[in-house]
Amino acid sequence: MEGAAIDRTTSLGHLAWRLYPTRIRVVGYSWGVFAQRVANTAAPSVVGLLVASAATFNMTVGFINAFLLATALLAILLPETEGRDLQ
């Protein structure tokens, strides 16, 4: 149970219940899971294609890190809700 509490406090998932009504959260979560599964399916093939086409190590790692950077930049755009009425 302690591990679940640590995971909950270190992820952005706990912000969703403060930002959006349940219906919107469910749809957003569904799209997020769908996108993650597509990425998990496509990423090994794309990285394999980069390696097979003699892309350099730096190019391959840069491609992977571009998604990390995009996620971080999009997370910065999340609004602060502390102290606001959310209903």
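Coordinate-derived values only; no laboratory data. Since the model is a prediction, treat every value here as computed from it, not as a measurement. Backbone-built Cβ (ideal geometry, glycine too); neighbour counts: all protein chains shown.
Scalar couplings 3J(HN,Hα) for region 27-37, obtained by applying the Karplus form with A = 6.51, B = -1.76, C = 1.60 to θ = phi - 60°, are 5, x, 5, 4, 5, x, 5, 4, 4, 5, 5 Hz; x denotes Gly and Pro.
Among rounded, prolate and oblate, which fits region 12-76 when a ≥ b ≥ c are the square roots of the eigenvalues of its C-alpha gyration tensor, a/c under 1.5 means rounded, and a/b larger than b/c means prolate? List each step's numbers first, then the result.
Values: a/c = 5.62, a/b = 2.17, b/c = 2.59.
Because a/c hits 1.5 or more and a/b fails to exceed b/c, region 12-76 counts as oblate.
With the simple model of a label 7 Å out from the Cα in the direction of the Cβ, Ala52 to Asn40 spans 2.3 nm.
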